[in-house]
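Worksheet: one structure, shown below.
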Amino acid sequence: MFMKKQSLRTTREEILDLSVPLFAALGFDRVSMRDIAAAAGVTPAALYHHFADKEQLCQEVVAYAFQEKVESLQAIVDGEGSPWDRLELVVVQFTRILAQEENFRRLMQWVLLDSHERRVQSLVDCVFRDLFRVLYQLAGELDPDRDAHQQVVSIVGLVIYPFETQAVRRFLPGYQPQHEDPAVIARHIVGLLRNGLGASRE
């Protein structure tokens, strides 16, 4: 009886929220609609009432996970301060998000490694394009004469890579526990970007 009442109260947003850790941990292929229905406390038929198929659910899960994060970064870009000051705030915020929200970080890594071209294209159109556009806007302000696309790819790569290599870095020469601090990571990245993007051309 409790399960039935709980199922009636389950909303579309709750299903998305409960699906994030499943897709983050297992990826698209290893998660079934039945798994998600069980986690949400609904029948598979009820789940299909909200989502046509797993492709749609996956796309909406990623969009749901990204929306708030992208909005927080956009607010920084649209705020006051020099482009470099705003870039530092964006990198700090992005780094903090990756450090604090494991499910979001793992979901991002899974999507970046997905080899299904049509699904990737759909996710880019509906989700990643917004994140990229936020950084593209800021990169254009930093140096209008440089390739903004490559700048954004470099920024994202610099932010994500320390988290992708966490399990390995602690065994490498020069490692210090402070290297796990989001603020330390962010300061290092911004320093590299300033010295590279701000360097004079020969």
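What the table below lists for this structure:
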{"item": "Meets criteria (in a helix (DSSP H, G or I), over 19 Å from the mean Cα position of the chain (by Cα) and modelled with pLDDT of 90 or more) for Asp17", "result": "no"}
{"item": "Single condition Tyr175 does not satisfy, out of (1) of a type in the set (Phe, Trp, Tyr); (2) in contact with a Lys or Arg (Cβ under 6 Å, 6 or more places away or on another chain); (3) modelled with pLDDT under 90", "result": "(3)"}
{"item": "Single condition Val42 does not satisfy, out of (1) part of a loop (DSSP other than H, G, I, E, B); (2) within 23 Å of the chain's Cα centre (by Cα)", "result": "(2)"}
{"item": "Set Gln67, Gln93, Gln56: member being assigned to a helix (DSSP H, G or I), under 23 Å from Leu26 (Cα atoms) and at pLDDT 90 or above", "result": "Gln56"}
{"item": "Whichever residue in segment 9-61 is acidic (Asp, Glu) and in contact with a helix residue (DSSP H, G or I) (Cβ under 9 Å, 6 or more places away or on another chain) and, among such residues, is farthest from Val120 (Cα to Cα)", "result": "Glu14"}
{"item": "Some residue of segment 175-186 being buried (at least 18 other Cβ atoms within 10 Å of the Cβ), over 20 Å from Ala75 (Cβ atoms) and touching a helix residue (DSSP H, G or I) at 6+ places or on another chain (Cβ under 6 Å)", "result": "yes"}
{"item": "Tally, over segment 54-73, of residues that are over 28 Å from His116 (Cβ atoms) and buried (at least 18 other Cβ atoms within 10 Å of the Cβ)", "result": "0"}
{"item": "Members of segment 60-92 that are on the phi < 0 side of the Ramachandran plot and either without any contact (Cβ under 8 Å) to a residue 12 or more places away in the chain or touching a Ser or Thr at 6+ places or on another chain (Cβ under 6 Å) (or both)", "result": "Val61, Gln67, Glu68, Glu71, Ala75, Asp78, Gly79, Glu80, Ser82, Asp85"}
{"item": "Residue check for Arg194: over 14 Å from the mean Cα position of the chain (by Cα), assigned to a helix (DSSP H, G or I) and closer than 19 Å to Phe94 by Cβ", "result": "yes"}
{"item": "Filter result for Ile185 (touching a Ser or Thr at 6+ places or on another chain (Cβ under 6 Å), part of a helix (DSSP H, G or I), farther than 20 Å from Ala65 by Cα and touching a residue at least 12 places away in the same chain (Cβ under 8 Å))", "result": "yes"}
{"item": "Number of the condition not met by Arg129 [criteria: (1) closer than 30 Å to Arg30 by Cα; (2) in contact (Cβ under 8 Å) with a residue 12 or more places away in the chain; (3) of a type in the set (Lys, Arg)]", "result": "(2)"}
{"item": "Any pair with Cβ under 9 angstrom, 6 or more apart, that starts in segment 10-34 at a residue that is touching a residue at least 12 places away in the same chain (Cβ under 8 Å) and ends at one that is among the hydroxyl-bearing types (Ser, Thr, Tyr)", "result": "Glu13/Tyr64; Leu16/Tyr64; Asp17/Tyr64; Leu18/Thr10; Ser19/Tyr64; Val20/Tyr64; Val31/Ser19; Met33/Tyr48"}
{"item": "Sole exception among (1) outside any helix (DSSP H, G or I); (2) at pLDDT below 90; (3) buried (at least 17 other Cβ atoms within 10 Å of the Cβ) for Asp29, by number", "result": "(3)"}
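The values are calculated or read from the model by the stated rules, or taken from the named source; none is laboratory data. Not measured: the values here are computed from a predicted model. Using ideal geometry, Cβ is built from the backbone for each residue, glycine included, and neighbour counts are taken over all protein chains shown.
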